[in-house]
1. I want to confirm something. Restricting to region 265-296 and keeping residues that are part of a helix (DSSP H, G or I) and in contact with a strand residue (DSSP E or B) (Cβ under 7 Å, 6 or more places away or on another chain), which single residue is nearest to Asn203 (Cα to Cα)?
2. Quick one: in region 274-297, of everything that is hydroxyl-bearing (Ser, Thr, Tyr) and surrounded by 18 or more Cβ atoms within 10 Å (Cβ to Cβ), which residue is nearest to Tyr222 (Cα to Cα)?
3. Please indicate, with yes or no, whether at least one residue in region 37-52 is surrounded by fewer than 24 Cβ atoms within 10 Å (Cβ to Cβ), in contact (Cβ under 8 Å) with a residue 40 or more places away in the chain and closer than 20 Å to Asp215 by Cα.
4. Which of the residues that make up region 1-32 are modelled with pLDDT of 50 or more, surrounded by fewer than 16 Cβ atoms within 10 Å (Cβ to Cβ), outside any helix (DSSP H, G or I) and not polar (S, T, N, Q)?
5. Would you say Ser96 is under 27 Å from Glu192 (Cβ atoms) and not hydrophobic (A, V, I, L, M, F, W, C)?
6. Restricting to region 132-144, name every residue that is within 20 Å of Gly168 (Cα to Cα) and either surrounded by 15 or more Cβ atoms within 10 Å (Cβ to Cβ) or modelled with pLDDT under 95 (or both).
7. Any residue at all in region 192-199 that is closer than 25 Å to Ala121 by Cα, touching a His at 6+ places or on another chain (Cβ under 8 Å) and surrounded by 16 or more Cβ atoms within 10 Å (Cβ to Cβ)?
8. Looking at Gln224 and the list (1) modelled with pLDDT of 90 or more; (2) surrounded by fewer than 18 Cβ atoms within 10 Å (Cβ to Cβ), which single condition is not satisfied?
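The values are calculated or read from the model by the stated rules, or taken from the named source; none is laboratory data. In this text the structure is predicted, and so the values were computed from the model without any measurement. Cβ sites come from the backbone with ideal geometry, for glycine too, and all protein chains shown count toward neighbours.
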Amino acid sequence: MTSFRRIAGGCWPVVWSPVATLFRELPDTAPHGWRWLSAWMSEVWVQSGAVPSTVVISGGQGAGKSTLAALLVDALGRAGVTAQRVGLDDYYFGRSERAALAEAVHPLFITRGVPGTHDVAHLRESLAALCKSGELLLPRFDKGVDEPCPISQWLKVSAPVDTVVLEGWCLGVSPESDAQLRTPINALERDEDAAGRWRHHVNRRLGDDYAQLLDGSEFLMYLQVPDLDAVYRWRAAQEHQLPAAQRMTASRLRRFIAHFERLTRALDRQLAGRCNLTVSLGPRHGIRRCQAGERSF
């Protein structure tokens, strides 16, 4: 139960052979480390009889939350557990709703991303419906056109499921103090939010409906990015998966990521080493270290 093997640049606990078997069954196009982590977590939960009903994956942009969530759902399914991934990004408001928020509160809300730009009420309805018998549709958001996908493209799901894997970049962040909010963290805040209206509104939303998204969650995982430069590189890689006409320019992408800097830094202060599992990533996106309580490997 305590032996270790060096795999993919990190020390992984090899608990029993089903972990290796499940690893081989997962898609070999997925990142090597994510496959081992998903297989190991699934087997630990299943063999211990402690499969969580809700797993929350948080972390900076481009960290790999969606990829890991999908692999974890796959691994759990192969281990006999019905699971469903739910992504916070699929609940963004469209441009017209954000334009109304920008006019009513602050112009920076025209840009999707920060708390306040998601339909959290709809997300909570989806999470509740996944616990009940019946069929439901989970929305999808098209980042290329910056609008929700047509309902015809939403995902039909049969409920209930044993485990919900909820992933989102700002999940688990707690509100900051007025003193912390007072000083702008970058040029965007200094030049476009001098009075602090935007960041104070984001902060209030963090403390109410976004905090409620973690109610009942049994396992919180944090994917720790090495630095903000890595966030930019990894987010740029995601951008290149879009059609050329829909990609942001380098300058637009830098400005876009500036919207997330405050909460990305807060994530690291608040969650690293303090949640159920912290996965520290290296500059090339590989898993450098995992920490679970007092144990690290």
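1. Result: Leu267.
2. Going through region 274-297, the residues hydroxyl-bearing (Ser, Thr, Tyr) turn out to be 278, 280, 296.
From the residues that got through so far, the ones that are surrounded by 18 or more Cβ atoms within 10 Å (Cβ to Cβ) too are 278, 280.
On the way: Thr278: 5, Ser280: 8 Å.
Looking at the filtered set, the residue picked out is Thr278.
3. Yes - at least one qualifying residue is present in region 37-52.
4. Trp16, Pro27, Asp28
5. Working: under 27 Å from Glu192 (Cβ atoms): yes; not hydrophobic (A, V, I, L, M, F, W, C): yes.
Against the criterion (under 27 Å from Glu192 (Cβ atoms) and not hydrophobic (A, V, I, L, M, F, W, C)), Ser96 qualifies.
6. Within region 132-144, the subset within 20 Å of Gly168 (Cα to Cα) is 137-144.
Scanning region 132-144 gives Leu138, Pro139, Arg140, Phe141, Asp142, Lys143, Gly144.
7. From region 192-199, those closer than 25 Å to Ala121 by Cα are 197-199; that's our starting set.
Now restrict to residues that are touching a His at 6+ places or on another chain (Cβ under 8 Å): 197-198.
If we keep only those that are surrounded by 16 or more Cβ atoms within 10 Å (Cβ to Cβ) as well, we get 198.
So far as region 192-199 goes, yes, one or more of its residues are closer than 25 Å to Ala121 by Cα, touching a His at 6+ places or on another chain (Cβ under 8 Å) and surrounded by 16 or more Cβ atoms within 10 Å (Cβ to Cβ).
8. With respect to (1) modelled with pLDDT of 90 or more; (2) surrounded by fewer than 18 Cβ atoms within 10 Å (Cβ to Cβ), Gln224 is out only on (2).
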